[in-house]
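The structure under discussion appears below in the form of structure tokens.
The values are calculated or read from the model by the stated rules, or taken from the named source; none is laboratory data. Just so you know, these numbers come straight off a predicted model, no measurement behind them. Neighbour counts are summed over all protein chains in view; Cβ atoms, including those assigned to glycine, are modelled from backbone coordinates with ideal geometry.
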Amino acid sequence: MNDSLKTAEKILAQSGEINEKQFSLLEMFTHGGPIGIFVMICLFLLFMLSLYIFFERFLTLKKFSNKNSSILNDIKDLIHQGNINAALDLCKRTHTPEGRMLYKGLMRIGKPTRDISDAIENTAQLEIFELEKNVGVLGTISGAAPMLGFLGTVIGMIIAFFATSAQDQASAQMLAGGIYSAMANTAAGLIVGLLAYLFYNILVIRIDRSVHALQLTAIDFLDILNKPVTH
């Protein structure tokens, strides 16, 4: 009877140790061996790169959207006054995609409307390209991170099965420990990929709004040039 109780207590103690081990996230992420740790480092670097790109682009787009929208009205008044040089100086001082686009249009005043429209459109395309800079990297990370994590898991499981088969007395605990450590790579890859995907879509939405604002500004500017001045 006493032997049975001691055996039961031993099993419960081992079970408690296993449960405690399962809830140790730090050990889970660092217990995958050299390859698992290398994969984790790569995923961490991808995560930091995602954060940098997201906040850098987000702040840039926010700065663009917060600029004073009255620039077009000011330029309209200056054009009607015939003060093109002042309008050009105003565009230079804004340091925004909108200002640079209007500057190209003002430089071609007096030429056919088609030439002005083409200049504005070409400048707008360049500004849109700048707004989208590095955003595609987030899309790449959102797809590459889960695959990298899965690759780490597959390699980790191969190592775990190989180590188990090499033992004279393989235990389920040893095999389970290797598998759960390897699965941590997949979990980390999915987390990084999901965050990068969310960052990517947030930026795409804000870029679309900025592009729409540029298009409206271009249309309004051409209307100002084609509309006769009323006194």
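Can you name the number of the only condition in (1) exposed (fewer than 15 other Cβ atoms within 10 Å of the Cβ); (2) over 19 Å from H212 (Cα atoms); (3) without any contact (Cβ under 8 Å) to a residue 24 or more places away in the chain that H95 fails?
Every listed condition holds for H95 apart from (2).
Quick check on my filter: what residues within the stretch 35-61 are free of Cβ contacts under 8 Å to residues at least 24 places away in the same chain and surrounded by 15 or more Cβ atoms within 10 Å (Cβ to Cβ)?
I37
Go through the stretch 204-220 and report how many residues are of a type in the set (S, T, N, Q) and surrounded by fewer than 16 Cβ atoms within 10 Å (Cβ to Cβ).
Summing the residues that are of a type in the set (S, T, N, Q) and surrounded by fewer than 16 Cβ atoms within 10 Å (Cβ to Cβ) in the stretch 204-220 gives 1.
Looking at S181, is it surrounded by 14 or more Cβ atoms within 10 Å (Cβ to Cβ), under 32 Å from the mean Cα position of the chain (by Cα), modelled with pLDDT under 85 and part of a helix (DSSP H, G or I)?
yes
Go through (1) more than 21 Å from the chain's Cα centre (by Cα); (2) surrounded by fewer than 17 Cβ atoms within 10 Å (Cβ to Cβ) one by one and return the number of the condition I155 breaks.
If we test I155 against (1) more than 21 Å from the chain's Cα centre (by Cα); (2) surrounded by fewer than 17 Cβ atoms within 10 Å (Cβ to Cβ), just (2) comes out false.
Does the stretch 102-135 hold any residues that are more than 22 Å from F58 (Cβ to Cβ) and touching a residue at least 24 places away in the same chain (Cβ under 8 Å), and which are they?
Selection gives L102, G105, L106, I109, T113, I116, S117, I120, E121.
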